[in-house]
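Following: one structure in structure tokens, then a few remarks.
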Amino acid sequence: MKKIIVAILAICVAAGLQARTTYKFYPNTELRPDKTIFLYVPDNKKEIKNALKSIDDPVHAKKAETLALTMEVESGLDEPENMFDPNGATLNINKYARFDLYFPKNPNGKMFVVCPGGGYNCVCHYIEGVYASDWLTEHGYTVAVVKYRLPNGHHSIPLTDVQSVFYYCREHQSEWGIDKIGVMGFSAGGHLAASASVLYDDDETRPDYSVLFYPVISVTEPFGHVYTGQKLIGNYDQLRDDNPEECERLINRYQLHKQVTSDTPPTFIVLTSDDREVNPRNGLSYYEALLAHDVKAEIHCYQTGIHGFGFDYYKFNPNDWLGAARDDFFATLERWLNTL
């Protein structure tokens with residue numbers, strides 16, 4: 001009887017472990033972060049442990065820490081996180097907003113804060129997060145992938161999270177041997193990275209350089225991505241009815257090509273001509289603004305690649321959308337980064 005009870009207990013424990021470690025979707029890499037740091041979870045071991053169990057995300061460190069920050073603005077997203085496709089696209093990131101730290105074997109003294117895209121509706125943190133970290137760490141970059149709170153019309157939320165990550169990284173950069181910290185963003189994450197580059201609060205939150213993949217820059221017609229803008233700011237028609245002046249102020253604030261100054265960081269932009277999701281004119285408008293303000297900038301627009309090619313290349317996916325241009329892109333990006 002004792003053996004039977006022990007066997008039953010063992011089965012129950014195993015089942016419990018499986019329930020906590022089985023996810024719907026896994027990335028095509030074994031790479032996992034060295035650290036996962038929650039932004040808002042209370043500073044309590046039990047709370048941190050529960051947070052790790054609660055997130056629908058297999059990409060995290062075995063143990064986590066928290067900054068235990070206070071949310072000044074609430075998004076109103078109360079549903080649990082939900083990863084709904086193989087690209088790691090995750091909905092409802094809110095109270096468990098976090099960032100994953102990856103440290104390279106041979107650090108080069110530079111770092112990226114990475115902002116995956118998702119239209120401010122989700123965060124696609126496989127092809128625009130862990131896969132990016134795989135390439136970047138191989139090339140000596142320290143990486144922080146931000147799984148930022150989704151705004152749900154509360155525009156300040158994503159940038160607040162990214163700036164909190166910058167403060168943390170600046171605080172630790174000497175310890176990590178980091179000289180410069182840049183930002184990288186994809187699609188709506190490109191809008192967030194560009195926001196960090198033009199709407200920074202101080203020297204600590206100003207990136208030293210920016211890399212933007214097929215970024216959303218404008219949030220209005222004729223070429224802007226209105227869906228992204230309305231996820232960030234709220235429904236334009238309703239906002240105009242409630243407070244037309246405030247609506248126009250917010251829209252103008254997030255027309256990022258209009259916010260570029262001579263202090264905007266050096267920027268590398270990559271686009272594709274056949275992008276039907278985010279008009280390439282977004283990236284072109286930002287590039288033109290950089291030139292107008294004498295900011296060091298470089299832009300590449302490949303003929304094909306459609307939207308969302310990110311770092312989903314042949315190492316992870318035999319059907320790389322960027323195709324034959326991939327190696328050229330990597331060489332070009334690496335060359336530009338070496339000039340910084």
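Read-outs throughout are calculated quantities, based only on the coordinates presented, and are distinct from any laboratory measurement. Here the structure is a predicted model, which means the values were calculated and not measured. A quick note on method: Cβ atoms are made from the backbone with ideal geometry, for glycine too, and the neighbour counts reach across all protein chains shown.
I need the shape label for the range 191-340. Rule: rounded when a/c is under 1.5, else prolate if a/b > b/c, else oblate, with a, b, c from the alpha carbon gyration tensor. Verdict is oblate for the range 191-340. For the range 221-303, GluC sites (Glu not before Pro) are listed when DSSP marks them as loop and at most 15 other Cβ atoms sit within 10 Å of their Cβ; the list is E277. For the chain, the relative contact order is 13 percent, taking Cα pairs closer than 8 Å that sit 6 or more residues apart in sequence and dividing their mean separation by the residue count. For the range 175-185, putting each phi into the Karplus relation 6.51 cos²θ - 1.76 cosθ + 1.60 with θ = phi - 60° gives couplings of 4, 8, x, 9, 9, 9, 10, x, 10, 10, x Hz, in residue order, rounded to whole numbers and with x for Gly and Pro.
When both bridge partners sit in the range 2-337, DSSP labels roughly 30% of those beta bridges antiparallel. Annotation note: chymotrypsin sites (Phe, Trp or Tyr not before Pro) in the range 224-314 located in DSSP loop regions with a Cβ neighbour count of at most 16 within 10 Å are Y314.
What area, in nm² and to one decimal, does the C-alpha convex hull of the chain cast on average over all directions? Could the numbers behind the result be given before it?
On the way: hull surface 77.7 nm².
It is 19.4 nm².
The equivalent ellipsoid of the range 97-221 has semi-axes of 22, 16, 12 Å, largest first, where each one is the square root of 5 times an eigenvalue of the Cα gyration tensor. Across all directions of projection, what mean area in square nanometres is found for the Cα convex hull of the range 254-340? Result: a mean projected hull area of 6.2 nm².
Each label was represented as a point 7 Å from its Cα along the Cα-to-Cβ direction; for E246 and C301 these points are 3.8 nm apart.
Computed over the range 233-303, the range of Cα coordinates on each principal axis works out to 41, 31, 14 Å, biggest value leading. Backbone phi angles across the range 322-328, fed through the Karplus curve with coefficients 6.51, -1.76 and 1.60 (θ = phi - 60°), yield HN-Hα couplings of 7, x, 5, 7, 4, 5, 4 Hz in residue order; Gly and Pro are listed as x.
Close amide-amide hydrogen proximity is noted between Y302 and L271, T272, S273, each under 5 Å apart and 5 or more residues distant or on a separate chain (H modeled in the peptide plane; Pro and chain starts excluded). The stretch between Q255 and K46, if pulled fully straight at 0.36 nm per residue, gains 71.0 nm over its current Cα-Cα span. The string of couplings for the range 256-265 from the Karplus curve (6.51, -1.76, 1.60, θ = phi - 60°) is 6, 5, 7, 9, 5, 10, 5, 8, 5, x Hz, one whole number per residue in order, with x for Gly and Pro. For the range 42-109 and the range 159-225, compute the distance between their C-alpha centroids and round to whole Å. So the separation of the two Cα centres works out to 19 Å. Annotation: amide H-H contacts under 5 Å for V295 (H modelled 1.01 Å from N, sequence separation of 5 or more, or interchain): none. Of all segments of the chain bounded by trypsin sites (Lys or Arg not before Pro) found in a DSSP loop with no more than 16 other C-beta atoms within 10 Å, the longest spans 106-275.
Once you've got the Cα coordinates, tell me which of K147/K180; K95/K258; K53/K180; K46/K147 are over 28 Å apart. Violating the 28 Å limit, Cα to Cα: K95/K258; K53/K180.
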